[in-house]
Amino acid sequence: MSTLEARYRALLRVYPRAWRAANEEAVLGTLLDVADGEGRLSPSARETIALLGNGLATRLGASLPAPVRDGVATVALATGAALSLVFFLAHGWAPWAARDPMVVVRTFGPFVNPGVLLYAAWLIALALFLFGWRRAARIALAASVATAIGLVAASHVTGGWAGLSSTTIGFLGLLALLGLGGTPVAPRMTLVGFGVATAALAGVYAGLGVFGARYHGDHFFWLVPAGISNLGIALVLALLLASALLVARNDTAAAVVVIASLPWAAAWAVGSLTSRGEEGMALLVATAVCASLLIGATTLRRAAAVAAADPSH
Amino acid sequence: MADTEMREPTLFILASLASGQKHGYAMIHDVAALSDGRVRLKVATLYAALGRLGTQGLVAPAGEESVDGRLRRYYALTEPGSEALERELQRIEANARQLRSRLQARPASMRAALGGAA
């Protein structure tokens, strides 16, 4: 075996075993033909990146069926953009709270904090997707992850600023990753989801007086409407919904509910760890989260078995 | 699926197979020639597209041969693949006609004004 062939075989290990059994020799033959044609003795950078990217995508596709990833991406894009819009108005800008002494400290131009960059990336991603520019929307979502990482780093360097909790940054980061894991389904359905989520959140905020003269930082969201008790109840309801969908043999929808709940479960876990004296509820919800993961794993195994039995895959 | 716009590499792969079955390396060459060197398919991208098109029934494997110890797998365009390519070409042509009609309907005054400024 030549060195070049060995290097290509090593790269092809990124692909799942079943894919390699079916395609490795044919792909390797073409890779070697192309390298000969270009007079190369090592894989080019462009080719290496393509092999790694496609290999990982094939692995993800083999473990999570595309309809599940697309459903999760739809939920993630709609909720992430809805949160970004409401957070931008209530926590990033809050023009109505101009006289609140908290907001005198506007650390980012006319805005309370640089969180507006993160919110903007999300809203741009949604707009691009709705206009049908899917690739550009993915770039904007990826940019939101980079922004989230940059904000964490900047916060450490500058000693922090008023607001933008690490839970918000981490949560939007997780949602962006779920959004990148698939292709949101129809723009119309995504828009409806975005509208419903925005209206619901804005309604809750209005009811809690967030749009009043007193400024609330974004940690308010994680303390009150999405406090650990409420999140725990919501996660239990999501679990019940997933169970009902499984009973109804709608495995795809059940898996979407379970996976789309994971960022919320993570936010709940963070909230529980940072608070004290909630052992009873923590135990209840921990059980719920574990059961959700179990149902998710079972669903995926069943879906994988169906895919394996289908000769077209 | 039929109403979804095809991405450029997919379109060129189907067009390449329309003139007869080919193996991967031949397709990469043919697509580059068809596009005047603009579309340079990466091997990983080619096989990802072939896998997807195979699942959709638009292309199918058409035999293998070993040349100098290297496996060459041939692919062929299926009947549904040929129909999908035809539909996509009709869509592109219809779009081009519409867009050209707008360009031709451009007011003469605007053309003269910009022409004069240039």
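Residues in the stretch A:206-214: is at least one in a helix (DSSP H, G or I) and either of a type in the set (Gly, Ala, Ser) or surrounded by 19 or more Cβ atoms within 10 Å (Cβ to Cβ) (or both)?
yes
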Exercise for the section: Would you mind finding the one in A:Leu64, A:Leu60, A:Leu52 that is within 28 Å of the chain's Cα centre (by Cα), farther than 30 Å from A:Leu164 by Cα, surrounded by fewer than 15 Cβ atoms within 10 Å (Cβ to Cβ) and at pLDDT below 85? Expected result: A:Leu60
Completion exercise
Within the stretch B:17-50, residues being within 14 Å of chain A (Cβ to nearest Cβ) and among the small types (Gly, Ala, Ser) number 8
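Kindly evaluate A:Leu283 against the criterion of being at pLDDT below 90, out of contact with any His (no Cβ under 8 Å at 6 or more places or on another chain) and either more than 23 Å from A:Phe88 (Cβ to Cβ) or in the same structural domain as A:Leu174 (by TED's automatic domain parsing) (or both).
On the way: at pLDDT below 90: yes; out of contact with any His (no Cβ under 8 Å at 6 or more places or on another chain): yes; either more than 23 Å from A:Phe88 (Cβ to Cβ) or in the same structural domain as A:Leu174 (by TED's automatic domain parsing) (or both): yes.
Judged against the criteria, A:Leu283 is a match.
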Exercise for the section: Take the stretch A:106-126 and flag every residue that is part of a strand (DSSP E or B) and either modelled with pLDDT under 80 or among the acidic types (Asp, Glu) (or both). Expected result: A:Phe108
Completion exercise
Only one of (1) within 13 Å of chain A (Cβ to nearest Cβ); (2) part of a loop (DSSP other than H, G, I, E, B); (3) surrounded by 13 or more Cβ atoms within 10 Å (Cβ to Cβ) does not apply to B:Met6, and that is (1)
Completion exercise
Output for Cβ contacts, cut-off 8 Å, separation at least six or different chains, first residue at the interface with chain B (Cβ under 7 Å from one of its Cβ atoms) in the stretch A:23-41, second small (Gly, Ala, Ser) and in a helix (DSSP H, G or I), reads A:Asn23/B:Gly51; A:Ala26/B:Gly24; A:Val27/B:Gly24; A:Val27/B:Ala44; A:Gly29/B:Gly24; A:Thr30/B:Gly24; A:Asp33/B:Gly24
Practice task
Give me the pairs, please: first residue somewhere in the stretch A:81-104 and modelled with pLDDT under 75, second residue anywhere and surrounded by fewer than 15 Cβ atoms within 10 Å (Cβ to Cβ) and small (Gly, Ala, Ser), beta-carbon distance under 7 Å, and either six or more positions apart or on two chains.
Solution key: A:Ala97/A:Ala213; A:Arg99/A:Ala213; A:Asp100/A:Ala213
Exercise for the section: Go through the residues of the stretch A:150-159 one by one and say whether even a single one is at pLDDT 85 or above and either in a loop (DSSP other than H, G, I, E, B) or under 23 Å from A:Val68 (Cα atoms) (or both). Expected result: no
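The values are calculated or read from the model by the stated rules, or taken from the named source; none is laboratory data. Source: prediction; values computed, not measured. Don't worry about glycine lacking a Cβ; one is built from the backbone with ideal geometry, like all the others, and counts go over all protein chains shown.
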